[in-house]
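This report concerns only the one structure given below.
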Amino acid sequence: MSQSSSAVEVPQHIAIVMDGNGRWAEKRSMSRLSGHSKGVDAVESVVRGCLCHRVPCLTLFAFSTENWRRPVSEVDALFSLLVVALRQHMGFLKEHGVCLSFIGDRFFLSNYSSLLDELGRAEEETRGNNKLFLNIALNYGGRWDIIQAVKGFVSDHPSFSPEDISVESLSPYFCLSHLPEPDLFIRTSGEYRISNFFLWQLAYTEFYFTPVFWPDFNEKSLTDAIGVFQRRNRRFGSVGGSVDCDFGDVL
Ligand code: FPP
């Protein structure tokens, strides 16, 4: 990572909170499930966009650790939709070199064994692909990720001392530590929250919020977001550019 950049390059990793399926449907007097179903089309469009712009990593927040608060019928329908979408799009994903992986707490998905089988199969069938790393966060929470990272570290270093804990020593235990951290975070539907998505990984990510509901987000919307990202001046805590560092007048 450079200390300062005008971000002219494409983001190496985009993370998206796909929000607004329910409101999109409500506005059309349709069921919430219809909104989620249209949301799958938006996923396809954004995957195409990433392939087209050569964005190597995309992570989509599909189901959070807090989404269990939804009616069981909606949770079940969402998981069924995911299974159907995976089956329908597997050919496309393989043909375009997409490597799928799922992040999140699988232990609490154990009641959904057919879903777990499907996730495992999709990961297996796309393993080795490297055009786009598509990560789907399912039963994922940023706080859960921090806790599982700390547990992983402690289990590997049972006699650690406080000085052993550092950004460098903990980082490898977080989800997706093998990929670059997100350069660009997108949230649709006009909400301005992280909602327990990546907490550790977003330390220097550029944020982009749009009022567009997720089912209406498409390749063009992605191109617009990337354009905004490319006009940002990223300094990573540095001062950037050529600045006068002579503080003689004040010190
Ligand atoms: C948020 O909209 C959306 C979700 C919780 C689910 C997202 C899932 C999909 C787009 C479908 C399956 C995903 C993949 C990766 C194929 P909301 O229901 O919170 O909308 P609202 O805030 O308007 O009610």
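Rule-based calculations on the coordinates, nothing more; no lab input. Worth saying up front: this structure is predicted, and the values here are computed from it rather than measured. All Cβ positions, glycine included, derive from the backbone under ideal geometry; neighbour counts span all protein chains shown.
Points worth noting:
- Volume of the Cα convex hull of segment 109-241, divided per residue and given in Å³: 180
- Segment 10-159: C-alpha pair distances exceeding 22 Å, %: 45
- Among the chymotrypsin sites (Phe, Trp or Tyr not before Pro) in segment 125-212, those located in a DSSP loop and surrounded by at most 16 other Cβ atoms within 10 Å of their own Cβ are Phe160, Tyr192, Tyr204.
- In this Cβ point-charge picture (+1 for Lys and Arg, -1 for Asp and Glu), segment 56-204 has a dipole of about 380 debye about its Cα centre.
- Calculated over the chain: convex hull of Cα atoms, volume per residue (Å³): 160
- Cβ charges +1 (Lys, Arg) and -1 (Asp, Glu), total dipole of the chain, debye: 840
- Dipole of segment 18-119, positive end: most advanced residue of Ser73, Leu100, Thr59 [Cβ charges, Cα centre]: Thr59
- Size of charge dipole - segment 93-133 - debye, nearest 20, with Cβ of Lys, Arg +1 and Asp, Glu -1, no other charges: 140
- Membrane-span-like helices in the chain, defined here as complete DSSP H runs extending at least 24 Å along the helix axis by their C-alpha atoms with mean Kyte-Doolittle hydropathy no lower than 0.0, are 32-53, 72-95; this is a sequence and geometry rule, not a statement about a membrane.
- Pairs of Lys residues in the chain, spaced 8 or more positions apart or belonging to different chains, with C-alpha separations under 30 angstrom: 8 in total.
- Projecting the Cα atoms of Pro182, Val250, Ser195 onto the charge dipole of segment 165-251, computed from C-beta unit charges around the Cα centre, puts Ser195 farthest toward the positive end.
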